[in-house]
Amino acid sequence: MADIRLEGVSHSYDGGRTWALKPMTWTWRSNRAYALLGPSGCGKTTLLNIISGLISPTTGRIWLGDREVTSVPTAGRNIAQVFQFPVLYEQMSVYDNLAFPLRNRGYPRAEVDRRVRTVSQLLGLDGHLGRRSRRLDPGRQQIVCLGRGLVRPDVAAVLLDEPLTVIDPALKWTLRSKLKEIHRDTGHTLVYVTHDQTEALTFADEVVVLKDGEIVQAGEPTELFLAPAHEFVGHFIGSPGMNVVPAEITGGVVRVGGAVVGRAAGDGGDLPPGPVRIGVRPEFVRIVPGRDAPGWGGPETDTAGRDAPGWDGPGRDAGARAAPGLQARITGVDRMGSYHLVHARVDGHTLVSKTGPGSRHEPGAVAFFRFDPGRAFLFRDEVRCGSLAPLGGSLEQPLEGPLEGARGRSPEGRQGA
């Protein structure tokens, strides 16, 4: 087991006209499981193949522990790699395919047998050990590939390139759990490439998000969900993704379509006036019924009406007081079983709130949409620059108690320019 360290690594397939990977400095720590997450074509497989030695980087150096391996061939790097589709010795049995890496390294026969049977039992292959691999279906063949990549306890790292693509969906959850169990046993440095956020968030200790050949954020799954440092992370992680609403900072307050929604709290100090974009996940958008919404019972029961504290509508001195929310008409409700997605139009943009299955919002109703304190962020040029804070002072605790305490981390200080 060893750290994998990249120093200024980049790669171009066309002599520098375009870059599959932009210069990157990064460390993958030993004994940790990482997910490398991003859309197709963002550079995930290129990065994995550079680490394993299948591709030489255009620039930069690669280290495994304290050994530089930039010019070392794949066979000399002591890395196991599993590809997206099955690559097996078809004439061999399942047992012999699993045993091959161990025999090749001179393991004693008893240890070979012990490791093969341990891994095969964990992956559900113990009933297939005597079968020829070519007689297995593609999903089972891929499981054999996984086992072969994980059977050696002495590799420096294990690289998995979308390894569950051909696996039956019903088996994927079980296999992810088994992979985590094997990782806990061996302590390999493990990098798992995927475009599937569910795979990344359920499997990894840390998720590294890649976009257009650059790392835009890394952190624990909860951190990326609760505090995205880049708009792309907010869109790509979560179902549905983060809402993005154009806004304006004037006099230190944030307005959407003229309505004051909070104070601009910069990540590194005061934010200058000008346009920003509010990013807030549907889970942190609260709906308060308006006069036309089901359940309306008059001013005494509608805390979002003109009698609500902070109301800046007609009949009140608006000043810099916050509106009770963004007034909007509900345009649709998706009933997903365990939750509802309530859609509305705010200042020409779609806003989605994720509510419980018992919510009674209906299309055509008017409601106010409010953001949980500390869970709405401000973005400029797609990068987070601050948070939306209450007008009264510093960030308050979010309305959802169980989610408090997490903050995202960008790759600042670990990624090269």
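Throughout, read-outs are computed from the coordinates displayed, never taken from laboratory work. Because the structure is predicted, anything quoted here is derived from the model rather than measured. Every residue, glycine among them, receives a Cβ derived from its backbone with ideal geometry; neighbour counts consider all protein chains shown.
A simple charge model with +1 on the Cβ of Lys and Arg, -1 on the Cβ of Asp and Glu and nothing else charged puts the dipole of the chain at about 1160 debye relative to its Cα centre. Taking every alpha-carbon pair under 8 Å whose residues sit at least 6 apart, the range 3-72 reaches a relative contact order of 40 percent. The phi-based Karplus calculation (6.51 cos²θ - 1.76 cosθ + 1.60; θ = phi - 60°) puts the 3J(HN,Hα) values of the range 59-73 at 9, x, 10, 10, 10, 10, x, 9, 10, 6, 10, 3, 9, 7, x Hz, whole numbers, x for Gly and Pro.
Helix-derived [θ] at 222 nm for the chain: sum -39500 (n - 2.57) over DSSP H runs of at least 4, divide by residue count, nearest 500?
Theoretical 222 nm ellipticity from helices: -6000 deg cm²/dmol.
Note that the chain shows a convex hull volume over its alpha carbon atoms of 163 Å³ per residue. In the chain, if the dipole is taken from +1 on Lys/Arg beta carbons and -1 on Asp/Glu beta carbons about the Cα centre, which of L326, G386, G238 is farthest to the positive end? My answer, from the dipole projection, is G238. Between the amide H of K211 and those of V216, distances stay under 5 Å, these residues lying 5 or more places away or on another chain, with hydrogens modeled in the peptide plane. Each residue of the range 12-22 was assigned a 3J(HN,Hα) from its phi angle through the Karplus expression (A = 6.51, B = -1.76, C = 1.60, θ = phi - 60°), giving 10, 8, 10, x, x, 5, 9, 10, 6, 10, 8 Hz with x at Gly and Pro. Annotation: lysines with alpha-carbon distance below 24 angstrom to K180 (same-chain offsets under eight excluded): K44, K172.
Between helix 109-122 and the chain there is an angle of about 30 degrees, using the helix long axis and the longest principal axis of the Cα atoms. To test your reading of the geometry: what angle, between 0 and 90 degrees and rounded to tens, separates the Cα axis of helix 94-104 from the longest principal axis of the chain? For 94-104 against the chain, the angle is about 70 degrees. Give the long-range amide H neighbours of Q81: residues separated by 5 or more places, or on another chain, with amide H under 5 Å away, using H modelled in the peptide plane at 1.01 Å from N. Close amide H contacts, sequence-distant or interchain: L159. Principal-axis analysis of the Cα atoms of the chain puts helix 138-150 at an angle of about 80° to the longest axis. Rounded to the nearest whole Hz, the Karplus-based 3J(HN,Hα) values (6.51 cos²θ - 1.76 cosθ + 1.60, θ = phi - 60°) of the range 195-207 follow the sequence 9, 9, 5, 5, 4, 5, 6, 8, 9, 8, 6, 9, 10, with x at glycine and proline.
The local environment of G274, defined by Cβ-Cβ distances under 9 Å, has a net charge of 0 under the rule Lys, Arg +1 and Asp, Glu -1. Taking a sphere under 11 Å around the Cβ of E162 and counting the other residues whose Cβ falls inside, with K and R at +1 and D and E at -1, yields a net charge of -2. Rounded to a whole number, what is D in µm²/s for the range 4-226 from Stokes-Einstein with the Kirkwood radius over alpha-carbon pairs (4 °C, 1.567 mPa s)? In µm²/s, the coefficient rounds to 72. For a Förster distance of 25 Å, can you work out the FRET efficiency between the beta-carbons of D267 and D212, rounded to the nearest 0.05? Computed FRET efficiency for D267 and D212 comes out at 0.65. List the residues whose amide H sits under 5 Å from the amide H of T70, counting only those 5 or more places along or on another chain, with H placed 1.01 Å from N in the peptide plane. Result for T70 returns I62. When only Cα pairs below 8 angstrom with a gap of at least 6 residues are kept, the chain shows a relative contact order of 16 percent. The mean sequence distance of close C-alpha pairs (under 8 Å, at least 6 residues apart), as a share of the length of the range 4-226, puts its relative contact order at 30 percent. By the Cα gyration tensor, the range 215-266 has an equivalent ellipsoid whose semi-axes, rounded to whole angstrom, run 26, 13, 9 from largest to smallest.
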